[in-house]
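Before we start, here is the structure in question, set down as structure tokens.
The values are calculated or read from the model by the stated rules, or taken from the named source; none is laboratory data. No experiment lies behind these values; they were computed from the predicted model shown. Counting neighbours? That spans all protein chains shown, and the Cβs are built from the backbone with ideal geometry, glycine included.
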Amino acid sequence: MRVVVGLRFGPQPDAAGGGDTGRMRRVDAEALVGASREEVWELLDDIAGMPRWVPGLRAISSLSGPARVGTVFRERMSAAGVNRFRTWEIAEHRRPTIQVRVAVDGGLSRTLILTLDGRGTGTRLHARVELRSTLPFGIRVVHELLAAPAASASARSFVDAVKRAFEGSVPR
């Protein structure tokens, strides 16, 4: 299993490779998954089923419908006995290549960009998390820097979980 994690600072091109999105922090993780792109996409689209295969994800609630642009869901994560809630909205949904999820809480905007590329009989899953603080400039930089390690670990954990869902013993 190969997982690549990177951290980039300062102005970056947007997810489509286009114009500058302004100051943000960006982390990336990827893995080659032993399943077709369609199979991986089906797993990602089964939002209600995510607690079965994502470590630490205890529940999905307030699911507004099947995965598509505008779908909103709330997740309950648990780490070290502490519950954390986050509400996500699907902002882009292009089957079977890209899904973009956005969450804003605690003054921090998180954009999770999931891209799938066919690789032989497998799929390369790439997860990019873009962090942008809504706090004033001096605090914003520190806020994003403090959030980046957790975002990196989360992206890495997510792609690892997808890989295990197809190649391990995790129920789907």
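In the stretch 21-80, which strands (runs of 3 or more DSSP E) lie fully inside it and hold 2 or more residues that are in contact with a Gly (Cβ under 8 Å, 6 or more places away or on another chain) and more than 16 Å from A91 (Cβ to Cβ)?
Numbers: elements: 25-33, 57-61, 72-79.
In the stretch 21-80, the matching strands (runs of 3 or more DSSP E) lie at 25-33, 72-79.
I would also like to ask the following. Which one is modelled with the lowest pLDDT among residues in the stretch 95-135 that are basic (K, R) and in a strand (DSSP E or B)?
If we filter the stretch 95-135 for residues that are basic (K, R), which is where we start, we get 95, 101, 110, 119, 124, 128, 132.
Then keep just the ones that are in a strand (DSSP E or B); that gives 101, 110, 119, 124, 128, 132.
On the way: R101: 97, R110: 96, R119: 88, R124: 97, R128: 97, R132: 94.
That would be R119.
So is V33 among the hydrophobic types (A, V, I, L, M, F, W, C), touching a helix residue (DSSP H, G or I) at 6+ places or on another chain (Cβ under 7 Å), within 22 Å of T123 (Cβ to Cβ) and at pLDDT below 95 or not? It would help to see each step written out before you state the result.
On the way: among the hydrophobic types (A, V, I, L, M, F, W, C): yes; touching a helix residue (DSSP H, G or I) at 6+ places or on another chain (Cβ under 7 Å): yes; within 22 Å of T123 (Cβ to Cβ): yes; at pLDDT below 95: no.
The answer is no for V33.
OK, next. Which of the numbered conditions does S109 fail, given that it passes all the others? Conditions: (1) in contact with a Ser or Thr (Cβ under 7 Å, 6 or more places away or on another chain); (2) farther than 18 Å from R26 by Cβ; (3) surrounded by fewer than 19 Cβ atoms within 10 Å (Cβ to Cβ).
Against the list (1) in contact with a Ser or Thr (Cβ under 7 Å, 6 or more places away or on another chain); (2) farther than 18 Å from R26 by Cβ; (3) surrounded by fewer than 19 Cβ atoms within 10 Å (Cβ to Cβ), S109 comes up short only on (2).
Restricting attention to the stretch 77-114, which residues are hydroxyl-bearing (S, T, Y) and within 15 Å of the chain's Cα centre (by Cα)?
We begin by selecting, within the stretch 77-114, every residue hydroxyl-bearing (S, T, Y); these are 78, 87, 97, 109, 111.
Correct list: T87, T97, S109, T111.
Name the single residue, out of those in the stretch 73-92 being hydrophobic (A, V, I, L, M, F, W, C) and crowded, with 16+ Cβ neighbours inside 10 Å, that is farthest from S154 (Cα to Cα).
The first filter runs over the stretch 73-92 and keeps only residues hydrophobic (A, V, I, L, M, F, W, C), leaving 73, 77, 79-80, 82, 85, 88, 90-91.
In the following step, the residues that additionally are crowded, with 16+ Cβ neighbours inside 10 Å were identified as 73, 77, 88, 90-91.
On the way: F73: 18, M77: 11, W88: 15, I90: 18, A91: 19 Å.
Of everything passing the filter in the stretch 73-92, A91 is farthest from S154 (Cα to Cα).
Tell me, yes or no, whether the stretch 142-164 has at least one residue that is in contact with a Ser or Thr (Cβ under 6 Å, 6 or more places away or on another chain) and of a type outside the set (V, I, T).
Going through the stretch 142-164, the residues in contact with a Ser or Thr (Cβ under 6 Å, 6 or more places away or on another chain) turn out to be 143-144.
Retained after the next criterion (residues that are of a type outside the set (V, I, T)): 143-144.
Looking for residues that are in contact with a Ser or Thr (Cβ under 6 Å, 6 or more places away or on another chain) and of a type outside the set (V, I, T), one finds at least one in the stretch 142-164, hence yes.
Mind listing just one residue for me: the one in the stretch 49-60 that is on the phi < 0 side of the Ramachandran plot and in contact (Cβ under 8 Å) with a residue 24 or more places away in the chain and, of those, surrounded by the fewest Cβ atoms within 10 Å (Cβ to Cβ)?
Residues of the stretch 49-60 that are on the phi < 0 side of the Ramachandran plot, as a first pass: 49-55, 57-60.
Within this subset, residues satisfying the condition of being in contact (Cβ under 8 Å) with a residue 24 or more places away in the chain are 49-50, 52-55, 58.
Values: G49: 15, M50: 18, R52: 14, W53: 19, V54: 20, P55: 14, R58: 12.
It comes out as R58.
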